[in-house]
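Q: Once you've had a glance at the structure underneath, I'll fire off some questions.
The values are calculated or read from the model by the stated rules, or taken from the named source; none is laboratory data. Since this is a predicted model, take the numbers as computed values, not measurements. Positions of Cβ are generated from backbone atoms using ideal geometry, with glycine treated the same way; all protein chains shown enter the neighbour counts. For accessibility, only protein heavy atoms count, side chains too; no ligands or nucleic acids. Shrake-Rupley method; radii C 1.70, N 1.55, O 1.52, S 1.80 Å.
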Amino acid sequence: MGRARLTELRGPGVHPRPLDARALAALAANPGCHRRALLDGAGIDKGALARALGSPAAYGQSQFALVRGNAFEARVKADGGTELLRLVHERLAPGTPAPVPEEVATPDLSAAGPAGRAARTALALRDATAAGGWALLDHPMLAVEVAGSPAYVEPDAVVVHPDGSWTVVEIKSFPMIDGSADAAKVGAAARQAAVYVLALEPVARHAGARTGRTVHVRDRVLLVCPKDFSNLPTAAAVDVRRQLATTRRQLARLTRVEEIAAALPARTTFDLRLADDGKTATRPPEELSEAVEAVGAAYAPECLAACELAFHCRTRARQEGAVEALGRGVRGELGGLRTIQEVLTAARPGGADPADPGEADPAGAGEEAPAEEDPAVLALRRAAALRAEALAGAAVPTPRTEEPGCH
C-alpha cells in the first residue's frame, strides 16, 4: 500500500505539496488530528481543498509582508553574511575569536530535488565541521520523519562554529523594540526553529561518527529581527529546549499515515478533478465533504490560525454541538461531557431539558443523567445557580421619590 495509496488519495497526476516547518509545528501541536496528519502526509493542498468545500482559509501572510520579509533577509545575509555572523558571535559565542569574513565557508547547496539537496546539506555540514572553522549554510534542506513519511524543511540559515556546534538561525520581519518582540510571534518562531533543531540532530550524529569530532546542535537558536522601527538587524538568543521536547514528543505520538489511510473506505480520494485551468475544482463538494469526514479530526479554536481546513472543521463541530469548539481548556474541564447539549442538561438539577426546564428527565428514561458526584457536573450546577442569582438581581432599581429623574 504505502506510497501508492497516498498517490491515490491526491489524485492522478497531482504532485505532493511539501511540508514546511510552520506546518510541522502546527501538526505537532495537535497530534490527535488524524485528518491533518493524513492530508499533510499525503501532500494534499488543504487550501485548495478548503476552497472546493466552500470554506476557504482566511489566514496567511500578505504579499506585502512576504516582500518585506524577503528584503530584510537579503539585507541580513548581504556581503557573505558578515552582519549575520557578527550577530551569531556576539549573542552566542562571546569571548571566542570572531569570524573573519574571508575565511568563512559558504558551501553551494544546490542539487536536484529536495532529497538531493538534503544529502548535499548533510555533506556540507560534515565537511565544514571537519574543517574546524566558521561556515554559513544559506537555506539548507533537512529531512525529518513525520508519521512514517519523510518531510523536508528549510531553515533560513545554519551556522557551523569552530568548536563543532551548529546554530539554527531564524530571520523574521516583525520588529524587536527595545530588545524584546511580541511574545506570541517569538513563541511561534521558537516552535518552528525546534523543528529545524530536531531535523539536524541525526545529521549531527552522522557527522560526528564520520569526523571523529564532538558535534552537537545548540538548543539556543538565533532570532534575527528588525531593530525598533528601522530595517537594521538585531538579534536575540532563544532557548528552544521546551519547544524541542514538546515537538519530539508530539511527533512521536502521531499515528502513521499508512495506518490512517488503511482505515478509510477503499475508494476514498481527495482528488479535486481540476479543470483545464489547473485551478477550478470540478468535483462535487458533497463528495469531497464525504471524503474529508471519513477521517477523524480534533478541532480546537487554535486551528483557525494554523490550518487551512479550520473553518470547515469548525462548522462541523458547531453542527454536532461538540464541546471541542469551545476550546481545549473548556473541553478538559468538562470531563466526560461530549456535547453542549449534555453540558446544558447537566447544569440543571435532575437533568432537566433546557428546552423544557419545568420537566426533569425521570430516572431510567432517555439518556442517563450524569453522576451526581461528578466534579464537572457539580461545578456546572453551581455556576448555573450563580448565574440565575445574578440575573434575578439584575433588575434596574426604581428611582427614589426624593431624587429627580434623569433629564
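Q: Using a basic spin-label model with each label point 7 Å from the Cα along Cα→Cβ, how many nm lie between residue 112 and residue 249?
A: Taking the two extended label points, one gets 4.4 nm.
Q: Which label marks the calculated value of P(r) over Cα pairs in 20 Å bins from 0, in percent, given the options (1) 30, 59, 10, 0; (2) 25, 46, 21, 6, 1; (3) 22, 43, 26, 8, 1?
A: Answer by label: (3).
Q: Out of the total accessible area of the range 60-212 (probe 1.4 Å, heavy atoms of protein only), what percent is carbon and sulfur?
A: With neighbouring chains kept in place, the figure for the range 60-212 is 55 percent.
Q: Here's another thing I want to ask about it. Lysine pairs in the chain 8 or more apart or on different chains: how many have alpha carbons under 18 angstrom apart?
A: 6
Q: Among 208, 237, 380, which residue has its Cα furthest toward the positive end of the charge dipole of the chain, with +1 on Lys/Arg Cβ and -1 on Asp/Glu Cβ?
A: Selected residue: 208.
Q: Same structure, new question: Per 0.36 nm of contour for each residue apart, how much would the distance between residue 7 and residue 374 grow if the chain were fully extended, relative to their Cα-Cα spacing? Mind showing how you got there, number by number?
A: Working: separation 367, 0.36 × 367 = 132.12 nm, distance 4.76 nm.
So the chain would gain 127.4 nm between residue 7 and residue 374.
Q: Also, quick follow-up: What's the center-to-center distance, using Cα atoms, between the range 156-206 and the range 42-98 in Å?
A: 11 Å
Q: Would you please give the FRET efficiency between residue 127 and residue 282, computed as 1/(1 + (r/R0)^6) with r the Cβ-Cβ distance and R0 = 60 Å, to the nearest 0.05? Write down the numbers at each step before the final one.
A: Numbers: r = 50 Å, r/R0 = 0.84.
The computed FRET efficiency comes out at 0.75.
Q: What size of dipole, in debye to the nearest 20, comes out for the range 93-156 about its Cα centre when the only charges are +1 on Lys and Arg C-beta atoms and -1 on Asp and Glu C-beta atoms?
A: Numbers: 3 positive and 8 negative charges, 42 e Å.
In total the dipole reaches around 200 debye.
Q: Based on the Cβ-Cβ distance from residue 231 to residue 22, what FRET efficiency comes out when R0 is 30 Å, to the nearest 0.05? Don't skip to the answer; put the middle values down first.
A: Values: r = 23 Å, r/R0 = 0.78.
Here the calculated transfer efficiency is 0.80.
Q: Here's something else I'd like to know. Determine, from the Cβ-Cβ distance of residue 389 and residue 304 and an R0 of 60 Å, the FRET efficiency 1/(1 + (r/R0)^6), rounded to the nearest 0.05. Present the calculation step by step, with values, prior to reporting the outcome.
A: On the way: r = 35 Å, r/R0 = 0.58.
The computed FRET efficiency comes out at 0.95.
Q: Looking at the chain, send over the antiparallel percent of its DSSP beta bridges, to the nearest 5.
A: On the way: 23 of 30 bridges.
DSSP beta bridges in the chain are roughly 75 percent antiparallel.
Q: Assigning unit charges at the beta carbon (Lys, Arg +1; Asp, Glu -1) and nothing else, what dipole magnitude in debye, to the nearest 20, does the chain show about its Cα centre?
A: 1180 debye
Q: Right, here's the next one. What nm value, rounded to one decimal, do you get for the distance between residue 102 and residue 315 when each label is placed 7 Å out toward the C-beta?
A: 6.4 nm
Q: If I model a spin label as a point 7 Å beyond the Cα along the Cα-Cβ vector, how far apart are those points for residue 90 and residue 256 in nm?
A: Modelled inter-label distance: 4.9 nm.
Q: Ok, one more. Hey, can you find the accessible area per residue of the chain for me, probe 1.4 Å, expressed in square angstrom? Intermediate results must be reported in sequence, preceding the final value.
A: Details: 21750 Å² over 407 residues.
With the other protein chains kept in place, the chain gives 53 Å² per residue.
Q: Gaussian network model of the chain, Cα springs within a sub-10 Å range: biggest mean-square fluctuation belongs to which of 251, 274, 288?
A: Sorting by GNM fluctuation, first place goes to 274.
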